[in-house]
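To start, the structure itself, in structure tokens.
The values are calculated or read from the model by the stated rules, or taken from the named source; none is laboratory data. Bear in mind the structure is a predicted one, so any value in this text is a computation, not a measurement. As a convention, Cβ positions derive from the backbone with ideal geometry for all residues, glycine included, and neighbour counts pool all protein chains shown.
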Amino acid sequence: MSPSPSPGPAALLRVARGGDRRAVARLITLVERGGDTALEIAGLLPAADDAGHVIGITGAPGAGKSSLTGRLLACLADAGRTPAVLAVDPSSPLTGGAILGDRVRMDGFAAGAFVRSMATRGQQGGLAFAVPATTRLLAHLGFDPVIVETTGVGQVEVDIASAADTTVLVTSPGWGDAVQANKAGLLELADVLVVNKADRPGARDARRDLELMLDLGHISGLEARAGRRPEIVLTVATTGDGVPELLAAADAHRASLAAGDGLVARRRRGRRLELAATLERSLRALVDTAMDTPAGRRVLADVEAGTMSPADACAVLLAGMGPQPPRGA
Amino acid sequence: MTGAPPRIVLAKLGFDGHDRGLKIVARILRDAGMEVVYLGLRQTPEGVAAVAEQEDADAVGISMHNASHLTLGPAMVEALRALGLATPVVVGGIVPADDAETLRAAGVAAVLGPGASAPEVVAAVRRVAVPDDG
């Protein structure tokens, strides 16, 4: 199969604006591959605006994120909206391969929606590097909302809170007790809390523990700083129970952000994190390059053999990389 | 940037519950460094084609164990072409050697019969699934 010469990003974007899904898919591939073409596409999109709604769905593996997302798609279709989903699954650290299995759970609900699977390709934090650029593209093309489903996460994968306008954290009965709920991390960043599998024993306990956590946030002053107490919604993704309420809670959160300067603040924070991620990526590339020089390989061999400390090796490598940051970091 | 992993959509078409083979193939391709969009059981050619379009897939793999490969194999190819997609189709499963020729004549890019080894599966998919660099 020899494809005809590919149209450039500007032509693709024109066609994609007309609703051509093949062009949308192609643009996402180019954004995902990065490099100059991805920058060119980013440059074609309008500068910061407050259009669209990016909803992040996050939670532990098996909590029901994909099934809930599927039910949300059905709800959104009923409401006459055209959503897009970006479903992130992990890449293998060994081979770079991935099994992107989120669509299986959305089977039968995704008609009319644009659903794209994305592998993390080495990125930590529960998202892929290309997620912010891709959500901007999809929102620009009129998909509303754009739902980002993270990989299954633990307590510290918090990138979604900067990449989304509304972060939905999905828990399920038995996920942990009140002590777990009060640990720092992802829980304190959620805008909507979901207890999924609410038909199972323990759902009321899970809800109580989350309420208690929010009560303590009220006492400690966190709630006042956030300006809002997250809503708790009970859902059963297998039947769809509670899913309209979840959508209403997410929409209400978007509306409350837009009523003040919350939306602008969030998107500013998102762009700040994107800059940091881009910088880290560039620095990592520099590190990889430095390690792959003859001097780098020599130092690496010494460190592997235990005859040189990582700190000394670091100083040697930094000395070969140009201007010196302060030592001892 | 070059070196992006090939993206492969895997599915079973029609009324056919034998998905163990497809799961094994998904794992083989993952461990060969490919990105596998796994759709699982009871899909339609039109549904899989729509997914291949959204996922910008480099190949579609379908696994057949219910003797409907001569119907659904060509139907898969046609569903993709109807969307204007040149995406190559690989058919795996219980496919007699004579039928493999018929499938290839109908536009199927590769056929992997019973007993195909992991390296054979990877080689066949790599041969047809070339991410275009446009």
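When segment A:95-112 is examined, which residues are found to be among the aliphatic types (A, V, I, L, M) and modelled with pLDDT of 95 or more? Give the steps one after another, and end with the answer.
So in segment A:95-112, the residues among the aliphatic types (A, V, I, L, M) come out as A:98-100, A:104, A:106, A:110-111.
Selection gives A:ALA98, A:ILE99, A:LEU100.
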Restricting attention to segment A:112-169, and to residues there that are within 9 Å of the chain's Cα centre (by Cα) and of a type in the set (Val, Ile, Thr), which single residue is nearest to A:THR58 (Cα to Cα)? A:THR150
Answer yes or no as to whether A:ILE41 is without any contact (Cβ under 8 Å) to a residue 12 or more places away in the chain, out of contact with any His (no Cβ under 9 Å at 6 or more places or on another chain), among the hydrophobic types (A, V, I, L, M, F, W, C) and closer than 28 Å to B:ALA49 by Cβ. no
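One line per residue, one yes/no per condition, for (1) closer than 16 Å to A:VAL168 by Cβ; (2) not in a loop (DSSP other than H, G, I, E, B):
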| position | (1), (2) |
| --- | --- |
| A:ARG229 | yes, no |
| A:VAL233 | yes, yes |
| A:THR239 | no, no |
| A:PRO244 | yes, yes |
| A:LEU247 | yes, yes |
| A:ALA252 | yes, yes |
| A:ALA255 | yes, yes |
| A:VAL264 | no, yes |
For segment B:8-36, the count of residues that are within 11 Å of the chain's Cα centre (by Cα) and facing another protein chain (nearest Cβ under 8 Å) equals 2
Kindly indicate whether B:VAL128 is farther than 25 Å from A:LEU86 by Cβ, of a type in the set (Val, Ile, Thr) and within 10 Å of chain A (Cβ to nearest Cβ). yes
Please determine whether any residue of segment B:27-50 is over 23 Å from A:VAL88 (Cα atoms) and β-branched (Val, Ile, Thr). yes
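In this structure, does A:LEU127 turn out to be closer than 22 Å to A:GLU157 by Cα and either within 9 Å of chain B (Cβ to nearest Cβ) or surrounded by fewer than 22 Cβ atoms within 10 Å (Cβ to Cβ) (or both)? Walk me through it before giving the result.
On the way: closer than 22 Å to A:GLU157 by Cα: yes; either within 9 Å of chain B (Cβ to nearest Cβ) or surrounded by fewer than 22 Cβ atoms within 10 Å (Cβ to Cβ) (or both): no.
The answer is no for A:LEU127.
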Give just the number: which of (1) modelled with pLDDT under 95; (2) surrounded by fewer than 18 Cβ atoms within 10 Å (Cβ to Cβ); (3) out of contact with any strand residue (DSSP E or B) (no Cβ under 8 Å at 6 or more places or on another chain); (4) assigned by TED's automatic domain parsing to the domain that holds A:VAL146 does A:GLU211 not satisfy? (3)
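Here are A:ARG268, A:ARG281: which of them is farther than 30 Å from A:ARG297 by Cβ and modelled with pLDDT under 95? Full working, then the answer.
Numbers: A:ARG281 fails: farther than 30 Å from A:ARG297 by Cβ.
Every option except A:ARG268 fails the conditions.
For every residue, the table says whether it meets (1) at pLDDT 95 or above; (2) of a type in the set (Gly, Ala, Ser); (3) within 21 Å of A:ALA252 (Cα to Cα); (4) not assigned by TED's automatic domain parsing to the domain that holds A:GLY122.
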{"residue": "A:THR134", "(1), (2), (3), (4)": "yes, no, no, no"}
{"residue": "A:LEU138", "(1), (2), (3), (4)": "yes, no, no, no"}
{"residue": "A:GLU149", "(1), (2), (3), (4)": "yes, no, yes, no"}
{"residue": "A:VAL170", "(1), (2), (3), (4)": "yes, no, yes, no"}
{"residue": "A:GLN180", "(1), (2), (3), (4)": "no, no, no, no"}
{"residue": "A:VAL195", "(1), (2), (3), (4)": "yes, no, yes, no"}
{"residue": "A:ASP199", "(1), (2), (3), (4)": "yes, no, no, no"}
{"residue": "A:VAL233", "(1), (2), (3), (4)": "yes, no, yes, no"}
Mind checking which helices (runs of 4 or more DSSP H) fall wholly inside segment A:16-96 and carry at least 2 residues that are within 11 Å of chain B (Cβ to nearest Cβ)? A:21-33, A:35-44
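Would you pick out the residues in segment B:43-52 that are more than 10 Å from every other protein chain (Cβ to nearest Cβ) and either in a helix (DSSP H, G or I) or within 17 Å of B:VAL128 (Cβ to Cβ) (or both)? Outline the logic, then answer.
Initial filter on segment B:43-52 (more than 10 Å from every other protein chain (Cβ to nearest Cβ)): B:44-46, B:48-49.
Residues satisfying the conditions are B:PRO45, B:GLU46, B:VAL48, B:ALA49.
Filter segment A:107-122 down to the residues that are of a type outside the set (D, E, K, R), in contact with a strand residue (DSSP E or B) (Cβ under 9 Å, 6 or more places away or on another chain) and within 23 Å of A:GLU157 (Cβ to Cβ), then identify the one that is farthest from the other protein chains (Cβ to nearest Cβ).
Of the residues in segment A:107-122, the ones of a type outside the set (D, E, K, R) are A:108-115, A:117-120, A:122.
Within this subset, residues satisfying the condition of being in contact with a strand residue (DSSP E or B) (Cβ under 9 Å, 6 or more places away or on another chain) are A:110, A:113-115, A:117-120.
Checking the rest, the ones that are also within 23 Å of A:GLU157 (Cβ to Cβ) come to A:115, A:117-120.
Numbers: A:VAL115: 6, A:SER117: 5, A:MET118: 9, A:ALA119: 5, A:THR120: 11 Å.
Restricting to residues being of a type outside the set (D, E, K, R), in contact with a strand residue (DSSP E or B) (Cβ under 9 Å, 6 or more places away or on another chain) and within 23 Å of A:GLU157 (Cβ to Cβ), the top hit is A:THR120.
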Log entry, pairs with first residue in segment A:292-310 being surrounded by 13 or more Cβ atoms within 10 Å (Cβ to Cβ), second being of a type in the set (Asp, Glu), beta carbons closer than 6 Å, six or more apart or on different chains, reads A:MET308/A:ASP302
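Considering only segment B:1-39, how many residues are assigned to a helix (DSSP H, G or I) and among the aliphatic types (A, V, I, L, M)? Reasoning before the result, please.
Residues of segment B:1-39 assigned to a helix (DSSP H, G or I): B:20-31.
Filter once more, so that each one left must be among the aliphatic types (A, V, I, L, M): B:22, B:24-26, B:28-29.
Number of matching residues: 6.
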Scan segment B:97-107 and give yes if some residue there is acidic (Asp, Glu) and within 14 Å of another protein chain (Cβ to nearest Cβ), otherwise no. no
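From the list B:VAL89, B:VAL60, which residue is within 11 Å of another protein chain (Cβ to nearest Cβ) and either surrounded by 18 or more Cβ atoms within 10 Å (Cβ to Cβ) or farther than 30 Å from A:LEU86 by Cβ (or both)?
Details: B:VAL60 fails: within 11 Å of another protein chain (Cβ to nearest Cβ).
One residue alone meets the criteria, B:VAL89.
Condition check ((1) buried (at least 20 other Cβ atoms within 10 Å of the Cβ); (2) of a type outside the set (Lys, Arg); (3) out of contact with any Pro (no Cβ under 9 Å at 6 or more places or on another chain)) across all residues:
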| residue | (1), (2), (3) |
| --- | --- |
| A:ALA10 | no, yes, yes |
| A:ASP20 | no, yes, yes |
| A:ALA25 | yes, yes, yes |
| A:GLY35 | no, yes, yes |
| A:ALA51 | no, yes, yes |
| A:ILE55 | yes, yes, no |
| A:LEU73 | yes, yes, no |
